[in-house]
1. Need the list of aspartates and glutamates near Lys368 for cross-linking: C-alpha distance under 18 angstrom, and skip anything on the same chain fewer than eight residues off.
2. If you rank Trp302, Trp11 by fewest surrounding Cβ atoms within 10 Å, what's the result?
3. Sorted by mean Cβ packing within 10 Å, highest first, what order do the peptides 338-348, 275-285, 189-199 take?
4. With just the Cα atoms defining each centre, how far is segment 342-369 from segment 271-293? Give it in Å.
5. Provide Rg and Dmax in Å for segment 1-201, with only Cα atoms included in the calculation.
6. Would you order Thr82, Thr209 from fewest to most other beta-carbon atoms within 10 Å of each residue's own beta-carbon?
7. Can you list which of the GluC sites (Glu not before Pro) found in segment 107-186 are DSSP loop residues with at most 15 other C-beta atoms within 10 Å?
8. Name the trypsin sites (Lys or Arg not before Pro) in segment 101-170 that are in a loop by DSSP and that have at most 10 other C-beta atoms within 10 Å, would you?
Amino acid sequence: MQLFETIRNGWKIIDLRKKIFFTLFIIILFRIGSYIPAPFIDAARLSADLAGSDSGATLFSYLSILTGGALEYGAIFAMGVTPYINSSIIMQLLTVAIPALERISQEGEEGRKKIAKYTRYATVILALIQGIAYYFYLRNSGAGYLSYGRGTGVVAQIFTAVIIVLCFTAGSALIMWMGEQIDEKGVGNGISIILFAGIISRGPRAIGTLYYNAVAGKWPAVLAICVVFLAIIAFIVYMTAAERRIPIQYAKKVVGRKMYGGQNSHLPIQVNMAGVLPIIFASSILSIPSTILAFMPNTTNWFTKILNLFSYQQPFYVVLYLGMIVFFSYFYVTIQYNPVEMANNLRKNSGVIPGIRPGRPTSDFIQKVISKITLVGAIFLGIMAALPILVGSVSGMNVSLGGTSILILVGVALDTVKSIESQMMMRYYKGFLD
């Protein structure tokens, strides 16, 4: 209810209304591009085959959810926002690992612009690699998804491959530009909004799947999935807002005739500090074997058997997936939060944690708290990531929206509401006189 109330109040503000209209306009363009097929691809046949397959059992369908179905249509936006998200994560990791990039990131606004430029270059490179992998998947599938115009020779095949890969790469670059336009002229984070639009577009298909299974006599399973769905939303909202508050007490000091400090505060540490980044990064790493398998012809040997272990519903994949989520949760928190720096800032501001001495004991205490909270957040992310796999295996039903998708939807919705509320406060701040 708060979401709709905030949007309704923001709609009354002319400037904010224009930003909402602009954001909706970009979303419409994104959805149109998600249905425009790239040249030389039989989009109807590709979509029909994938719709009739066990779409919930492959990593391919998971990526299709993130792209709003563009991947299974062979559309120009088939790569979606995944190249940009992966490049952003890689740049964050490289900024910590490479001293030169770390110095650039500390140069203020100019440094952020340089990092953003490098991120764009990395996005194009990753989109090019993913586009090549997708082309080889279409070619090696043997289902005849590709046509070669007037010829079937080597030149025609090379020309077709170049055109398809360039269309996919250009589509990813265009999506990146559209996200930046939302950041500048719209509401919320642009890339997150586009990702939100792609996932929410799968809602009608999920509802249709539930209706079909209910008519087929599986209504107990449908009812159970609906209850679980509502419980997941409530649980995600609760965990997103959950935090561990470390009490902080500031010392009193007298300056002239006035006394400053002496108040009590707290240091908030969110349970899910890493957000959905560990899930996205883990799924990106685990998609590498599937990408390699797409380059290979349809043959069976020891190497392909090893690659098939990374199939979406294999127990080995699930165990490795959960382990990588925990690893990347700790890794991300480690590079983003420095307990020593936090302890030094408390000392500079005459702040102490009750019962903990300043300096090294304070940093050790903060590190201990962060480690415990990160473990809880990592377990939470692991449950959300493994939930669609487990539900699909137990119920035998394929519902498009899984735990990860719901986690992204709820997170983006909450961030967008906060963005609208902050802009409303800037325009209607009454000051100290009212």
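1. Glu243, Glu341
2. Working: Trp302 7, Trp11 13.
So the ranking, lowest neighbour count to highest, is Trp302, Trp11.
3. Descending mean neighbour count gives 189-199, 275-285, 338-348.
4. Answer, in whole Å: 34.
5. Spelled out, the Cα radius of gyration and Dmax of segment 1-201 are 19.3, 61 Å.
6. Numbers: Thr82 23, Thr209 20.
Ordered by Cβ neighbours within 10 Å, fewest first: Thr209, Thr82.
7. On the way: sites: Glu107, Glu109, Glu110, Glu180, Glu184; in loops: Glu107.
Hits after loop and neighbour filter: Glu107.
8. On the way: sites: Arg103, Arg112, Lys113, Lys114, Lys117, Arg120, Arg139, Arg150; in loops: Arg150.
Taking segment 101-170 and a limit of 10 other Cβ atoms within 10 Å, the loop trypsin sites (Lys or Arg not before Pro) found are Arg150.
Every read-out reported here was derived from the displayed coordinates using simple, explicitly stated rules and does not represent laboratory data. Being a predicted model, the structure only gives us computed values, none of them experimental. When we count neighbours, we look across all protein chains shown, and the Cβ atoms used for this are built from the backbone with ideal geometry, even at glycine.
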